[in-house]
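Novice: Okay, handing you the structure first.
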Amino acid sequence: MIFYFSGTGNSYATARFLSDNLGEPIIDIAQVLQKNEVEYFLQENEKLGFVFPIYAWAPPKAVLDFIKKLILHSEKLPYTFGVCTCGGTAGNGMEVLEDALGKKGIILNSGYSVIMPDNYVVMFKVGSLAEQAEILEKARETMEHILNAVKQEKSGFFRVKKGKAAGLLTLAVNPAFQRFGTKTKPFHATGDCIGCGICEKVCTDHCIQLKDGIPRWIKQQCNMCLACINRCPQGAIQYGKKTKDRGQYVHPCWK
Ligand SMILES: Cc1cc2nc3c(=O)[nH]c(=O)nc-3n(C[C@H](O)[C@H](O)[C@H](O)COP(=O)(O)O)c2cc1C
Ligand code: SF4
Ligand code: SF4
């Protein structure tokens, strides 16, 4: 059973690849968390996986909230792996996952990172299509390595690109991001909005509602997955002035 969280498709594509090749079902954390579906039964020898993007050098809060609530039934401790997708470095994000699972009595046997195109348009411009294709090709190779390691049930095996000052970034910068970097107030739709409602549908936090054909953000803070900005067909959503001319990124599997 593979649980995934994804704003723009990178983590979904990774979870899908592993699911197809391992024959494990995949479950969307954003969807089940909303419905409070947190109780699961693992079959004999079924593996347990978590696939998610890195946000400010840690897993998304929704992933950690889900793990806190998770009620898992299995005859024996399952083989458990974590895969994070990120634009550059994961910091100690995998250690954060390991701690969260440890608190539930689940041992993280192996962990991996996959470098994929960066969707954080609040800070960075989206790369060209050629650059994206090159990164995705390498990502595919990384996924093959991960698949082999997971098939072999490698244990105590971690292949994560943590980057420099990983501990500091995860312990000090992530809490600041959670506090100040997830505010919805700067989100707005420009005059290019056609009221299609896609942003409302794709929001992983169910915090967008269309009123009179215009999206409104109904929570003060959100997951900051940036699905709304990146998946709007009109490119009509901006975050203050920061996202102007930064482009949009969506994994080809979600285009
Ligand atoms: C709010 C936010 C914070 C991010 N922080 C990081 C980071 O700390 N390190 C990194 O390498 N990539 C970071 N990224 C990039 C994403 O981790 C990366 O693009 C990921 O593959 C997106 O996955 P998804 O398409 O499944 O949503 C960040 C993206 C967002 C939206
Ligand atoms: S996805 Fe874009 S065009 Fe559609 S309602 Fe939202 S902001 Fe408007
Ligand atoms: S409002 Fe936008 S960034 Fe925030 S959770 Fe919803 S889709 Fe993601």
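The values are calculated or read from the model by the stated rules, or taken from the named source; none is laboratory data. Note that the coordinates shown come from a computational prediction; the quantities given were computed from them, not determined experimentally. Every residue, glycine as well, gets a Cβ built from its backbone with ideal geometry; the counts of neighbours run over all protein chains shown.
Novice: Which pairs do you get when a residue that is among the aliphatic types (A, V, I, L, M), found in region 241-255, comes within reach of a residue that is surrounded by 16 or more Cβ atoms within 10 Å (Cβ to Cβ), reach meaning Cβ atoms under 6 angstrom, with the pair 6+ apart or on two chains?
Specialist: Listed pairs, sorted by first residue: Val250/Thr8; Val250/Gly9; Val250/Asn230; Val250/Arg231.
Novice: Can you pull out the residues in region 169-197 that are of a type in the set (A, V, I, L, M) and within 22 Å of Thr85 (Cβ to Cβ)?
Specialist: If the condition is that a residue be of a type in the set (A, V, I, L, M) and within 22 Å of Thr85 (Cβ to Cβ), then Leu169, Leu171, Val173 are the ones that fit.
Novice: Here is a further query. Among the residues of region 166-175, count how many are without any contact (Cβ under 8 Å) to a residue 12 or more places away in the chain and either surrounded by 14 or more Cβ atoms within 10 Å (Cβ to Cβ) or farther than 14 Å from Pro59 by Cβ (or both). So that I can check it myself, show each step before the final result.
Specialist: Initial filter on region 166-175 (without any contact (Cβ under 8 Å) to a residue 12 or more places away in the chain): 168, 172, 175.
From the residues that got through so far, the ones that are either surrounded by 14 or more Cβ atoms within 10 Å (Cβ to Cβ) or farther than 14 Å from Pro59 by Cβ (or both) too are 168, 172.
Count: 2.
For (1) at pLDDT below 95; (2) within 14 Å of ligand 2 (Cβ to nearest atom), each residue gets a yes or a no:
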site	(1), (2)
Ile214	no, yes
Gln220	no, no
Asn223	no, no
Asn230	no, yes
Lys242	yes, no
His251	no, no
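Novice: With the checklist (1) buried (at least 16 other Cβ atoms within 10 Å of the Cβ); (2) of a type outside the set (Ser, Thr, Tyr); (3) out of contact with any helix residue (DSSP H, G or I) (no Cβ under 9 Å at 6 or more places or on another chain) in hand, flag the one item Arg216 doesn't pass.
Specialist: Of (1) buried (at least 16 other Cβ atoms within 10 Å of the Cβ); (2) of a type outside the set (Ser, Thr, Tyr); (3) out of contact with any helix residue (DSSP H, G or I) (no Cβ under 9 Å at 6 or more places or on another chain), only one is false for Arg216: (1).
Novice: Right, something else. Regarding Thr80, is this residue within 18 Å of the chain's Cα centre (by Cα), in the same structural domain as Pro53 (by TED's automatic domain parsing), β-branched (Val, Ile, Thr) and closer than 19 Å to Met1 by Cα? Even if it seems obvious, please write down each step before you answer.
Specialist: On the way: within 18 Å of the chain's Cα centre (by Cα): yes; in the same structural domain as Pro53 (by TED's automatic domain parsing): yes; β-branched (Val, Ile, Thr): yes; closer than 19 Å to Met1 by Cα: yes.
So Thr80 fits the description; yes.
Novice: Among the candidates Val121, Val114, Val126, which residue alone is under 17 Å from the mean Cα position of the chain (by Cα), part of a loop (DSSP other than H, G, I, E, B), surrounded by 13 or more Cβ atoms within 10 Å (Cβ to Cβ) and hydrophobic (A, V, I, L, M, F, W, C)?
Specialist: Values: Val114 fails: part of a loop (DSSP other than H, G, I, E, B); Val126 fails: under 17 Å from the mean Cα position of the chain (by Cα).
From the options Val121, Val114, Val126, the qualifying one is Val121.
Novice: Identify, by number, the condition in (1) without any contact (Cβ under 8 Å) to a residue 60 or more places away in the chain; (2) away from ligand 3 (no atom under 16 Å from the Cβ); (3) crowded, with 16+ Cβ neighbours inside 10 Å; (4) hydroxyl-bearing (Ser, Thr, Tyr) that Thr184 doesn't meet.
Specialist: Going through the list (1) without any contact (Cβ under 8 Å) to a residue 60 or more places away in the chain; (2) away from ligand 3 (no atom under 16 Å from the Cβ); (3) crowded, with 16+ Cβ neighbours inside 10 Å; (4) hydroxyl-bearing (Ser, Thr, Tyr), Thr184 breaks only (2).
Novice: May I pose another question? In region 152-164, is there at least one residue being buried (at least 17 other Cβ atoms within 10 Å of the Cβ) and over 21 Å from Tyr112 (Cβ atoms)?
Specialist: Checked region 152-164: no residue is buried (at least 17 other Cβ atoms within 10 Å of the Cβ) and over 21 Å from Tyr112 (Cβ atoms).
Novice: Yes or no: region 151-159 includes at least one residue that is in a helix (DSSP H, G or I), more than 16 Å from ligand 1 (Cβ to nearest atom), modelled with pLDDT of 95 or more and more than 30 Å from Lys241 (Cβ to Cβ). Before you say what the answer is, go through the steps one by one.
Specialist: Of the residues in region 151-159, the ones in a helix (DSSP H, G or I) are 151.
Among the residues that remain, those that are also more than 16 Å from ligand 1 (Cβ to nearest atom) are: 151.
Next, from what is left, pick out any that are modelled with pLDDT of 95 or more: 151.
Next, from what is left, pick out any that are more than 30 Å from Lys241 (Cβ to Cβ): 151.
Yes: region 151-159 contains one or more residues that are in a helix (DSSP H, G or I), more than 16 Å from ligand 1 (Cβ to nearest atom), modelled with pLDDT of 95 or more and more than 30 Å from Lys241 (Cβ to Cβ).
Novice: Count, please, the residues in region 187-212 that happen to be free of Cβ contacts under 8 Å to residues at least 12 places away in the same chain and near ligand 2 (Cβ under 9 Å from one of its atoms).
Specialist: So the count comes out to 1.
Novice: Based on what the data block shows, is Cys193 within 16 Å of ligand 1 (Cβ to nearest atom) and surrounded by 14 or more Cβ atoms within 10 Å (Cβ to Cβ)? Spell out the reasoning first.
Specialist: Working: within 16 Å of ligand 1 (Cβ to nearest atom): no; surrounded by 14 or more Cβ atoms within 10 Å (Cβ to Cβ): yes.
Criteria not met by Cys193.
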